[in-house]
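Take a look at the structure below.
The values are calculated or read from the model by the stated rules, or taken from the named source; none is laboratory data. Just so you know, these numbers come straight off a predicted model, no measurement behind them. With ideal geometry, Cβ positions are generated from the backbone for all residues, glycine too; neighbour counts draw on all protein chains shown.
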Amino acid sequence: MKIYAQDSKNAMHADGLVLSFWQPEDVKQHPKLPSWAAGSLDAAEFIGAAGQMVMIRKNGPARCVILLGLGMAEKTNSHAVVAAYAQAFGVLKNARCKTVALEMPALVGHALHNISLSSLAGRIASQVVMADYVFDKYKPADKDTPKSSVDEVMLRMPAANMPASAISVSRAVLMGEAANLTRSLQNEPANVATPSWIAAEAAKTARSAKNGKLSIRVMGRAELLKLKMNAMLAVGSGSAQEPKIVVLQYRGAAHNGWDAAIVGKGVTFDSGGISIKPSSKMDEMKFDKSGACAVIGILSGCASMRLPVNVVGVAALVENMPGGHAYRPGDILTACNGTTIEVLNTDAEGRVVLADALAYTAKTFEPAVMVDLATLTGACSVALGDLASGVLSENDSLVSELIDAGERCGERLWRLPLWPEYDDKVKSEVAVVKNTGEPGVAGATAGASFLKPFVGERAWAHLDIAGTAYGSKPKAGLAAGGYGLGVRLVLEYLSEYKPAKKKK
C-alpha cells in the first residue's frame, strides 16, 4: 500500500474519501463538502460529534464518502483524532475502495494545539498502515468474497505543509511496518511460535535488512549454560522447547560503543508452570512473548529508518510449562551476574527471565541506556487499563524522553514510582531477592524493583506493557490481537536519542 501527502488543491482521484468536521459546524454549508453530498445529507443526521461517521455512496469517483466527526475542538486530542481516521479508513477498506483520500483536519481553536499538521499526518499514516494489517494466514480464502485491499492512500493538505509532511509520512510508514512485523510474531500460536521458530524469523529479518547494518546471533541451551544463565534456563526447564537468546545488533553511528540496548521478555507460552494459571483466557498467554517480538520489530525499524545510533536488541525466548523437570516454588536460582533469586511463584517467571537477559546485556555490551519491554504484571493492567503502559525508572530525564516519545507516536506511558523503599519488599530471607512482593500490593513496582540488581550503573527504564500489548477487541482502528505496542514508541525515542545522564 502506497501512502503519501498530496496538495489539497490538486484534483482528487479516489474511490473513497474522508472529510472531517469539528463540532459544531454548519456541515451542509461547509466549503469542502461536495454539493451532491450536501444534497444527500440530513442536517440532523451528522453534527460532527466525536467518533460520528456517516457514509454517503454515489456512482462515479469517490463512490464512498465518509463524514467524520472529530468532536469539540477544545475537548479533543491528537490520540482521538488519529484513532478516528484509522477507523474511517477501515470502513472504506471494508467497502472495497482501492484508493482512499483523507482530507487532513483544520487545526482550529484549542484543538491539537501541541502538534503540527505534518506531525499529525505522520501519526495518521502510521496508524493507517497498522489499520491495514490483518492476521488471516490460517483462514481459507473465500472464493465468493475476495479479500479487500487498498492500493493507495492520499493525505490531502495545503501545499505549505507538503515538504515537512512528506518526510513525516515516509518515516511514519516505516514505523508502522516495523510494528506490523511485531504483530505478525505476536499473533502466531504457541505451537508454531516456539523459541526456535521466533529466532529463525529474527534471522530472516536480519538478512532482509537492506542496508546490511543489522546482524544477528542466536544462542541455545549449550551457550546459555556456559554463560551461567541459570534463571532463564530454570524457567524453561519444564518445556520440551529449547530456550533461545536472540541478539540483534544495528550500527548506524560511527563510534564503537552502544547507545542503547532494548531487552524483551519472550515467554512464548506461559502456563504459569507449577503455579499453574486458571484455564480462563489462558489462550492469551501466547502474547506473553510480546516484549521480545517488539525488540525484533524495533531493530528492524532501526535498519529501515537508518537511524544514526548504535542499538543492540536482546530477545529472551522461553516457554514456561509444568513437568517433571520444571522449576518449583521454593527453588533458589543464581543468575549470570551471581545474584541469587528465591522463587516463590513460578508464574512470576518474566522477571526471572529478564534477570539473566538484563545482566547479560549490561555486562556484554555496556550500553549507555537500557530499556526493557515486558508483559510483566497484571497489576499494571489493573492500574492503567489498556490506554497506557507503565514506565518505571530512577532516571528522570530518560522517563521524560520516553513519555514525550510516546505522546508523539500515540503510545502513552504513565510513570509509576520506583522509590528505594519498595526494594525492601522484594528482599528475600534466604537469597538476595524473591520473585514476588507482598500479595496485592504495588505489583508493578515490585516487578521493577526485582530487576534493579541486574541492570548495573546506567540509565534504565522498565516498560510494563501487560495491559497494552494485545487485546481481544479492535482498538483505535487496529484489529484485535497483538497491537505491536512499544515499537513506534522506542523508534520515536531513538530518533531523538540524546546521551542519558547517569544522575537521577
Gly122 vs (1) touching a strand residue (DSSP E or B) at 6+ places or on another chain (Cβ under 7 Å); (2) crowded, with 21+ Cβ neighbours inside 10 Å; (3) not basic (Lys, Arg): all pass except (1)
Checked the range 171-180 for anything surrounded by 23 or more Cβ atoms within 10 Å (Cβ to Cβ) and closer than 19 Å to Tyr470 by Cβ; matches are Met175, Gly176, Ala178, Ala179
Over the range 55-85, the set of residues among the aliphatic types (A, V, I, L, M), in a helix (DSSP H, G or I) and crowded, with 23+ Cβ neighbours inside 10 Å is Val81, Val82, Ala84
Selection over the range 185-199 where residues are part of a helix (DSSP H, G or I) and either surrounded by fewer than 20 Cβ atoms within 10 Å (Cβ to Cβ) or charged (D, E, K, R) (or both) yields a count of 2
(1) crowded, with 16+ Cβ neighbours inside 10 Å; (2) part of a loop (DSSP other than H, G, I, E, B) all hold for Asn114 apart from (1)
Counting only residues in the range 142-179 that are of a type in the set (Val, Ile, Thr) and touching a strand residue (DSSP E or B) at 6+ places or on another chain (Cβ under 7 Å), the one modelled with the lowest pLDDT is identified as Val150
Checked the range 246-293 for anything farther than 25 Å from Met229 by Cβ and either of a type in the set (A, V, I, L, M) or touching a helix residue (DSSP H, G or I) at 6+ places or on another chain (Cβ under 9 Å) (or both); matches are Gly252, Ala253, Ala254, Met282
Across the range 117-162, the tally of residues that are touching a residue at least 24 places away in the same chain (Cβ under 8 Å) and in a helix (DSSP H, G or I) stands at 18
Lys265 passes all but one of the listed conditions (1) out of contact with any Ser or Thr (no Cβ under 8 Å at 6 or more places or on another chain); (2) assigned to a strand (DSSP E or B); the exception is number (1)
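Residue by residue through the range 348-372, note down the ones that are charged (D, E, K, R) and assigned to a helix (DSSP H, G or I).
Arg351, Asp356, Lys363
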For the range 455-499 the number of residues that are free of Cβ contacts under 8 Å to residues at least 12 places away in the same chain and of a type in the set (Phe, Trp, Tyr) is 0
Selection over the range 228-256 where residues are among the basic types (Lys, Arg) and surrounded by fewer than 24 Cβ atoms within 10 Å (Cβ to Cβ) yields a count of 2
Q. If we scan the range 294-304, do we find a residue that is out of contact with any helix residue (DSSP H, G or I) (no Cβ under 8 Å at 6 or more places or on another chain) and of a type in the set (S, T, N, Q)?
A. no
Checked pairs for the range 46-59, first polar (S, T, N, Q), second in a strand (DSSP E or B), C-beta under 6 Å and 6 or more apart or across chains, list as Gln52/Gly69
Filter the range 476-502 for residues that are among the charged types (D, E, K, R) and crowded, with 18+ Cβ neighbours inside 10 Å; the one that is farthest from the chain's Cα centre (by Cα) is Glu492
Residue pairs within 6 Å by beta carbon, gap of at least six or interchain, first lying in the range 206-226 and closer than 11 Å to Lys244 by Cβ and of a type in the set (A, V, I, L, M, F, W, C), second assigned to a helix (DSSP H, G or I) and modelled with pLDDT of 95 or more, listed first then second, are Val218/Ala199; Leu224/Leu233
Within the range 375-397, residues being surrounded by fewer than 24 Cβ atoms within 10 Å (Cβ to Cβ), out of contact with any Lys or Arg (no Cβ under 7 Å at 6 or more places or on another chain) and in a helix (DSSP H, G or I) number 6
